[in-house]
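Working notes for the structure below.
The values are calculated or read from the model by the stated rules, or taken from the named source; none is laboratory data. Please read all numbers here as calculations on a predicted model, not as lab measurements. Reconstructed Cβ throughout: ideal geometry from the backbone, glycine too, with neighbour counts over all protein chains shown.
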Amino acid sequence: MAPRDFRTRLSRRAARAGVFLTEDLAAGLSAYYDLLSRWNQKINLTSLTDPDEAIDRLLLEPLIAARSLPSPTSRVLDIGSGGGSPAIPLKLAAPGIRLTMVEVKARKSAFLREASRRLNLDRTEVETARYEELLARPELLEAHDVLTLRAVRVESRVLLTLQAFLAPRGIVMLFRGPSGPEMPPMLVPPLEWTSTAPLVESLRSRLTILTKRPVGRHVDVPRGTLAH
């Protein structure tokens, strides 16, 4: 698809989803999608073949989710980053965040590093590892404000492990489809369900937010609010 045709399609889909795109954001999303499409011909980064569905899921869902970031400078850890969504569009929408993408497959990690370089994403790192291996890195524990998950099988054991990376009152952002209850049944302390809200109507997708309840003596620290 020609870049101009893609930008037109992107703008139309964004307007339908109630998302406002600045020129810079539209340009960044277009460059990311073009790079993703080119690499997808060599390695399997996404199975989506319908352009409208790809735009809605890979680009617009993260833009809508960005409204739920607790701060424009949040520290974000994305698990199982794969082809870079939701992490990279989230970064493009909120360039002030500090982003770490975790991807175990070396070729996909190579794509994530190339995309970060080509899109000039500062304060962005890629960890080629299983998230369990990162538990041995003390500097990563309770060091993030936001943890994002898509296409990762969410079980009680997984959430219990992943919450170790979240600071007290940090949030988990779960990108979910239309099925299942609003409150996930697999929750275990210290994670609590906060909300479930729609993302893109055409996909009937939802964003579920979980909050890490403080344990012990933690002082409340005021948080900023990301401007919509």
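I need the full set of residues from the stretch 59-79 which are more than 28 Å from Arg12 (Cβ to Cβ) and over 10 Å from the mean Cα position of the chain (by Cα), in order please. The answer is Pro70, Ser71, Thr73, Ser74, Arg75. Looking at Leu35, Leu99, Leu48, which one is surrounded by fewer than 23 Cβ atoms within 10 Å (Cβ to Cβ), outside any helix (DSSP H, G or I) and among the aliphatic types (A, V, I, L, M)? After ruling out the rest, the residue left standing is Leu48. For the stretch 163-170, state whether one or more residues are farther than 17 Å from Val76 by Cβ and surrounded by 15 or more Cβ atoms within 10 Å (Cβ to Cβ). Within the stretch 163-170, not a single residue is farther than 17 Å from Val76 by Cβ and surrounded by 15 or more Cβ atoms within 10 Å (Cβ to Cβ).
All of Arg7, Arg57, Arg38 fail the test of being touching a helix residue (DSSP H, G or I) at 6+ places or on another chain (Cβ under 8 Å) and farther than 14 Å from Ala93 by Cβ, apart from Arg7. May I ask you to verify whether Asp78 is in contact (Cβ under 8 Å) with a residue 24 or more places away in the chain, closer than 30 Å to Arg169 by Cβ, of a type in the set (Asp, Glu) and surrounded by 18 or more Cβ atoms within 10 Å (Cβ to Cβ)? So Asp78 passes the test. Filtering the stretch 198-228 down to residues that are modelled with pLDDT of 50 or more, over 30 Å from Asp52 (Cα atoms) and out of contact with any helix residue (DSSP H, G or I) (no Cβ under 9 Å at 6 or more places or on another chain), which residue is surrounded by the most Cβ atoms within 10 Å (Cβ to Cβ)? It comes out as Thr211.
If I go through the stretch 84-96 residue by residue, how many of them are closer than 23 Å to Glu132 by Cα and either free of Cβ contacts under 8 Å to residues at least 60 places away in the same chain or surrounded by fewer than 24 Cβ atoms within 10 Å (Cβ to Cβ) (or both)? Residues in the stretch 84-96 being closer than 23 Å to Glu132 by Cα and either free of Cβ contacts under 8 Å to residues at least 60 places away in the same chain or surrounded by fewer than 24 Cβ atoms within 10 Å (Cβ to Cβ) (or both): 2 in total.
So in the stretch 1-17, with the set limited to residues that are in contact (Cβ under 8 Å) with a residue 40 or more places away in the chain and assigned to a loop (DSSP other than H, G, I, E, B), which one is surrounded by the fewest Cβ atoms within 10 Å (Cβ to Cβ)? That would be Met1.
For Ile43, are the conditions met, namely being among the β-branched types (Val, Ile, Thr), more than 18 Å from Arg206 (Cβ to Cβ) and assigned to a helix (DSSP H, G or I)? No; evaluated as a whole, the condition is false for this residue. As a summary of the residue check, Arg150 satisfies the conditions (1) surrounded by 15 or more Cβ atoms within 10 Å (Cβ to Cβ); (2) over 21 Å from Gly83 (Cβ atoms) except for the one numbered (2).
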